[in-house]
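Report on the following structure.
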Amino acid sequence: MDMMSILAIFVSMSILLSVIELIRRNRLKEKYSLLWLFSTLVMLWFSFSRESLHVVSKMFGIKYPPSFIFLLGFLFMIVINIHITSVISELSDKNKTLAQEIALLKKALAEMKDKRE
Amino acid sequence: MRKLLIIPAYNEAQNIDRVLDDINEHLQGFDILLIDDGSTDSTRELAIKRGVDVISLPFNLGIGAAVQTGYIYAQREGYDLAVQFDGDGQHRADQVDRLLEPLLRDEADMVLGSRFLGENEYQSGLTRMVGIKILSSVISMLIGQKITDPTSGCRATNRRVIEFFSHLYPDDYPEPEALVLLHKAGFRITEVPVLMRQRHMGRSTITAPRAVYYMIKVLLAIFIDMLKKVPS
């Protein structure tokens, strides 16, 4: 096993372990971590198995196999980013609804208090 | 028939008294609701002192969400008609009745007050005029109906549109976007001429590059709206 493979295994391993640790400490929800787990496992697989990397690279006509890893990492980043922005959009929508409801409730509450006095 | 006037206001302490004076003087039969969009000045206190109903958002949500809060309130309180009226003193209370007529005759579901229809001679900067021209031709094309003043915030809606807006109202560029969404949901839109005042306090510092940037963003938002699924 050459130096490059060991480095690749080390990097994917640490990302995988950090993700698992974040889930364990409740700092990352499972449903948001699935993409991370999936992508790091794929990276880990290719770091271990040089042969499969070469086979897949050949399939896509890629002359320099490590560049397939870059491509994969890049695609994972795009997918994870789209996922994150969609989560943020959903959250900001809910946040808006909450703020509106609070404002409406505050008004109803003030009216109730006025009536009682 | 219960009618609600929705006034979105964000830091309008300088204008709010004049706006409410104008409404008291020229408009009857409306319940007045001021939506304070997280103002940091005394907008809220001034409005309460005047005896107006106020809904205060806990922080600044932007004009779209503020106006929608008014529609949610109108929907829950069972109002038949709602009118949007800007809190910056640009709109004129004596023009509101013009908006109501097509609704009362059931010829439209939303009526848009246009500065550029009829005998109006509304003065505006060149960049702004060009921007509104482009926007109005794009929107007119998309919804197959001539719209002369798509950014006008002076509009009246019937009960059906109140229901619709309480569920779905655009956040980013609500005035032009709402037209597209209403059209997609099959509502009838009519434009009537209204007079507006020139802005009192100068805030209209739109420079040419910013105007172009704004136009691109609005057009993008509108095209995305055309792709959106809309409940009807």
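Ranking B:189, B:23, A:15 by Cβ neighbours within 10 Å, fewest first, what do you get?
Taking fewest neighbouring Cβ atoms as first place, the list is A:15, B:189, B:23.
Please report, for the Cα atoms of region B:82-163, the Rg to one decimal and the Dmax as a whole number; what are they, in angstrom?
Over region B:82-163's Cα set, Rg and Dmax evaluate to 13.4, 37 Å.
Using the alpha carbons of region A:1-50, what is the convex hull volume per residue in cubic angstrom, as a whole number?
Output value, Cα hull per residue: 53 Å³.
Using a 10 angstrom cutoff on alpha carbons, build the Gaussian network for chain A and name the most mobile of A:60, A:74, A:48.
In this elastic network of chain A, the residue with the biggest mean-square fluctuation among A:60, A:74, A:48 is A:60.
In whole angstrom, note down how far apart the Cα centers of region A:80-117 and region B:34-53 are.
Between the Cα centre of region A:80-117 and that of region B:34-53, the gap is 19 Å.
Per the Kirkwood treatment, what hydrodynamic radius in Å, one decimal, follows for region B:3-227 from the mean inverse distance over all distinct Cα pairs?
Mean inverse Cα-Cα distance, inverted, gives 17.7 Å.
Highest GNM mean-square fluctuation, chain B, Cα pairs closer than 10 Å: which of B:136, B:114, B:42?
Highest fluctuation among the options: B:42.
How big is chain A along each principal axis, measuring the range of its Cα positions in Å and listing the largest first?
82, 31, 16
With viscosity set to 1.567 mPa s and temperature to 4 °C, compute the Stokes-Einstein D of the protein assembly as shown, Rh being the Kirkwood radius across alpha carbon pairs; µm²/s, no decimals.
Stokes-Einstein gives a translational diffusion coefficient of 55 µm²/s.
Based only on other Cβ atoms within 10 Å, what is the fewest-to-most ordering of B:73, A:32?
Placing the least packed residue first, the sequence is A:32, B:73.
Among the listed pairs B:184/B:229; A:107/B:49; B:133/B:228, which are separated by more than 18 Å between their Cα atoms?
B:133/B:228, as the Cα separations exceed 18 Å there.
Taking the dipole about the Cα centre of chain B, with the C-beta of Lys and Arg at +1 and of Asp and Glu at -1, give me whichever of B:29, B:55, B:83 is farthest to the positive side.
Value: B:83.
Please give me the summed charge of the neighbours of residue A:95: other residues whose Cβ is under 13 Å from its Cβ, Lys and Arg +1, Asp and Glu -1.
Net of charged neighbours comes to -2.
Taking trypsin sites (Lys or Arg not before Pro) as exposed when DSSP calls them loop (any state but H, G, I, E, B) and at most 10 other Cβ atoms lie within 10 Å, what is the longest stretch of chain A free of them, the sites themselves excluded?
For trypsin sites (Lys or Arg not before Pro) (loop position, at most 10 other Cβ atoms within 10 Å), the longest site-free span of chain A is A:64-117.
Mind telling me which of B:58, B:193, B:176 comes out most flexible in a GNM of chain B, alpha-carbon contacts under 10 Å?
B:58
Taking only Cα atoms, what is the 0 to 90° angle, nearest 10, from helix A:3-24's long axis to the longest principal axis of chain A?
Around 20 degrees separate the two axes.
Can you sort A:76, A:38 from fewest to most other Cβ atoms within 10 Å of each residue's own Cβ?
Ordered by Cβ neighbours within 10 Å, fewest first: A:38, A:76.
Here, each number is a calculation from the coordinates, and none is a lab measurement. Bear in mind the structure is a predicted one, so any value in this text is a computation, not a measurement. Here the Cβ is made from the backbone with ideal geometry for all residues, glycine too, and neighbour counts use every protein chain on show.
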